[in-house]
Amino acid sequence: MNDSLKKDLLHLGGALLAITVVVALCLGCVDALTRDKIAALKEQQVKDAMGAVCGTDATFEPLEADIDDETIQDAYQIIRDGSPDGICVQVAPSGYGGEITVSVTVSGGQITSIEIVSAPDETPAYLSKATGVIEKILTRQIPGVDAVSGATFSSEGIMEAVENALSGAIPPS
């Protein structure tokens, strides 16, 4: 290898290293600047979903429960007129394309609502079909129902979310 080629390779390698370092520093700065904002937006999204399900007259207090299930993200006591009125649990099991965040609400010993909060990696058509499993669960009041044909993984993710919420965060009556 001649000296000119070595010099050119070192020059290009140095330039590439400098660009990589600058980009990494920029990404680190952007992460540091946006991390809290993203967390706050996600928390607000969860609270908005719970408010939509439970009504604007409800408030939510975090449950300080000993939860073993890693799919359970948050659990909240629903407070209405100053008294406990149920529990809302945020669960994030896997679906077909990735994580599905589901809000499961139980009040008076009944599953009162199941809402898909987010499923960014699920195929919309499959997820749309899988919402049929929500109606089955609410009607039968059990998480183990037949999966929706054509959306098996998404359906199973929703059923897992309900089962995990009921067994992991909601105390037995």
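Quick notes
- Protection-proxy order for peptides 32-43, 126-137, each taking the mean of Cβ atoms within 10 Å per residue, highest first: 126-137, 32-43
- Prolate is the label for segment 109-173, because a/c, from the alpha-carbon gyration tensor with a ≥ b ≥ c as root eigenvalues, is 1.5 or above and a/b exceeds b/c.
- For the chain, the mean residue ellipticity at 222 nm estimated from helices alone is -17000 deg cm²/dmol, where every DSSP H run of n ≥ 4 contributes -39500 (n - 2.57) and the total is divided by all residues, rounded to the nearest 500.
- Segment 45-114, Rg to Rh (Cα coordinates; Rh as Kirkwood inverse mean 1/r): 0.98
- Inter-probe distance in nm under a simple model that places probes 7 Å from Cα toward Cβ, at A15 and T131: 5.2 nm
- When the convex hull of its Cα atoms is projected in every direction, mean area for the chain (nm²): 15.3 nm²
- Considering only Cα atoms, the convex hull volume of segment 70-157 works out to 94 Å³ per residue.
- Between 0 and 90 degrees, the angle of helix 152-168 with respect to the longest Cα principal axis of the chain falls at about 60 degrees.
- L27 versus A40: modelled label distance in nm, points set 7 Å from Cα along the beta carbon direction: 2.6 nm
- Extent along principal axes [Cα atoms of segment 23-78; Å; largest to smallest]: 45, 29, 15
- Simple spin-label estimate for Q110 and S4 in nanometres, 7 Å along Cα-Cβ: 8.5 nm
- Summed side-chain charge close to L41 - residues other than L41 whose Cβ falls under 13 Å, Lys, Arg +1, Asp, Glu -1: +1
- FRET efficiency estimate (nearest 0.05) - Cβ-Cβ, L63 to S83, R0 22 angstrom: 0.90
All of the numbers you see were taken from the coordinates with simple rules; none came from a lab. It should be emphasised that the depicted structure is a prediction, and the values quoted were computed from it without experimental measurement. Cβ atoms come from the backbone with ideal geometry, glycine included; neighbour counts cover every protein chain shown.
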